[in-house]
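Chemist: Handing you this structure, nothing more for now.
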């Protein structure tokens, strides 16, 4: 939505049509007025046109540096995202390996229990004397 706003910049009124809110536009005009006042206070002989040129250069300098910083941040974020994806893939791979190892541990525990049970229930003495695996006695055949 377009807004029509009149701002006062260092004693002159400027009607503007902007997409920004009137409050925002007035706020940035206030910032510009503060910069004008500060610069003119430092250099009293500076004309309004010269002050405007200096402030314009400072603003463009800030804009260019901010864009460079923004690009550097975007590049860093991309690198971090790539690292995160690589790490996520590694975590998934390690989680699959952990699950395989857990399954192997379950198998080994089961085997150990089975062997322990077999050793308890089917000692060599029972086997020699003809007792079966279930613990029932069978006649000893000779």
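Each value in this text was obtained by applying a stated rule to the coordinates, not by laboratory testing. A quick note: this is a predicted structure, and the numbers were derived from the prediction, not measured. Positions of Cβ are backbone-derived with ideal geometry, glycine not excepted, and every protein chain shown enters the neighbour counts.
Chemist: Here's a check for you: in segment 42-56, which residue that is surrounded by fewer than 13 Cβ atoms within 10 Å (Cβ to Cβ) and outside any helix (DSSP H, G or I) is nearest to the chain's Cα centre (by Cα)?
Modeler: The first filter runs over segment 42-56 and keeps only residues surrounded by fewer than 13 Cβ atoms within 10 Å (Cβ to Cβ), leaving 42-45, 47, 49, 53, 56.
Next, only the ones that are outside any helix (DSSP H, G or I) stay: 43-45, 47.
Working: 43: 47, 44: 50, 45: 52, 47: 50 Å.
The selected residue is 43.
Chemist: Please go through segment 4-15 and give me each residue that is in contact with a strand residue (DSSP E or B) (Cβ under 7 Å, 6 or more places away or on another chain) and surrounded by 14 or more Cβ atoms within 10 Å (Cβ to Cβ), ordered by number. Give the derivation first.
Modeler: Step one: of segment 4-15, the residues in contact with a strand residue (DSSP E or B) (Cβ under 7 Å, 6 or more places away or on another chain) are 4-7, 13-15.
5, 7 - these are the residues of segment 4-15 that are in contact with a strand residue (DSSP E or B) (Cβ under 7 Å, 6 or more places away or on another chain) and surrounded by 14 or more Cβ atoms within 10 Å (Cβ to Cβ).
Chemist: Going by what's in this entry, would residue 74 be described as assigned to a helix (DSSP H, G or I), surrounded by 10 or more Cβ atoms within 10 Å (Cβ to Cβ) and under 27 Å from the mean Cα position of the chain (by Cα)? Give the derivation first.
Modeler: Numbers: assigned to a helix (DSSP H, G or I): yes; surrounded by 10 or more Cβ atoms within 10 Å (Cβ to Cβ): yes; under 27 Å from the mean Cα position of the chain (by Cα): yes.
So residue 74 fits the description; yes.
Chemist: Within segment 9-22, identify whether any single residue is in a helix (DSSP H, G or I) and without any contact (Cβ under 8 Å) to a residue 12 or more places away in the chain, and answer yes or no. Walk me through it before giving the result.
Modeler: Quick first cut of segment 9-22, residues in a helix (DSSP H, G or I) only: 22.
Adding the requirement that they be without any contact (Cβ under 8 Å) to a residue 12 or more places away in the chain leaves none.
No, because not a single residue in segment 9-22 is in a helix (DSSP H, G or I) and without any contact (Cβ under 8 Å) to a residue 12 or more places away in the chain.
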